[in-house]
Ligand code: ADP
């Protein structure tokens, strides 16, 4: 293998730049030429493929987002789109591709490999930590620290005004950010999509907390909770109970940006090295994952076939500690 390309695809996450830097520099270290594909698979189809060198990734390890930009691309879901993309890669002599993204991006990579025999390795980049085959995804640690800091700040106001605050964090299908940020921020209640929300039980628990002398209460809500968004749950609380004036903060895209934590920078750096070394060793159709502190290459399909199991014990920890 002489030439490889790297791209970021799907939702951005903090640490993707550190991952790009690692891929580019590992390629150069090993004597390969390396190209960057702009705007995910869209750039592959539109031939937005640019040569990169060690200096083109200088000064980005500490920056959120992705210097190559990211996008969602409908055309790549069709065989014609992927054929065009493969033709462009061949034109540049590119034999291997590292895709930094979520499981949607991995589906695309798998198809590119199967239909056009282009070697592909995935690196998990998403704040949701909802990809199988790895214990951590690039960006999750930063997002959960951002959510925790936000909860800390909200706690100051909640405590000063004896208020209930609902804090909505990201996580369409996964309550992982909610439960980690909730424990770290000392939340009284945590509502996640993995567990059915029982509103009467929530109200009872808030009453108990008040009776025990708690003057402020924080309820962390994952955006995909079955009872609705934080704003709907706060409205139902007002309708069904004596609690009045609960405040709602939706963290939204605040959690996607920002300078990556040391954990995410090191994770992305290690994964980038493992991805390029994997390509050089002849692997394809694989993803880099971390298990027990070790980098492993696993089939891409593990990302969607072996979903991470939500650790319900974390909810128990939160319950015990909010006594
Ligand atoms: P993520 O990678 O963060 O999960 P998406 O699900 O939006 O994000 O996927 C990113 C891109 O990957 C899509 O815009 C599309 O171009 C490509 N993709 C997703 N699913 C498939 C699929 N089943 N087949 C081919 N390409 C896909």
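Brief remarks follow.
- Sole residue being at pLDDT below 95, surrounded by 14 or more Cβ atoms within 10 Å (Cβ to Cβ) and touching a helix residue (DSSP H, G or I) at 6+ places or on another chain (Cβ under 9 Å), chosen from 310, 263: 310
Here's the yes/no breakdown for (1) within 11 Å of the ligand (Cβ to nearest atom); (2) more than 21 Å from residue 4 (Cβ to Cβ); (3) at pLDDT below 95; (4) not in a loop (DSSP other than H, G, I, E, B):
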| residue | (1), (2), (3), (4) |
| --- | --- |
| 69 | no, no, no, no |
| 88 | no, no, no, yes |
| 110 | yes, no, no, yes |
| 121 | no, no, no, yes |
| 141 | no, yes, no, yes |
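- Unmet criterion (only one of (1) more than 18 Å from residue 170 (Cβ to Cβ); (2) surrounded by fewer than 18 Cβ atoms within 10 Å (Cβ to Cβ); (3) more than 10 Å from the ligand (Cβ to nearest atom)) for residue 152: (1)
- Restricting region 71-86 to residues that are under 23 Å from residue 275 (Cα atoms) and part of a helix (DSSP H, G or I) leaves a set whose member that is nearest to the ligand (Cβ to nearest atom) is 76.
- Flag if residue 19 is assigned by TED's automatic domain parsing to the domain that holds residue 122, part of a helix (DSSP H, G or I), within 16 Å of the ligand (Cβ to nearest atom) and touching a strand residue (DSSP E or B) at 6+ places or on another chain (Cβ under 8 Å): yes
- The residue list 45, 60, 100, 121 contains one member that is in contact with a helix residue (DSSP H, G or I) (Cβ under 8 Å, 6 or more places away or on another chain), surrounded by 21 or more Cβ atoms within 10 Å (Cβ to Cβ) and closer than 16 Å to residue 13 by Cα, which is 100.
The values are calculated or read from the model by the stated rules, or taken from the named source; none is laboratory data. Keep in mind that this is a model prediction, so the values were computed, not measured. Backbone-built Cβ (ideal geometry, glycine too); neighbour counts: all protein chains shown.
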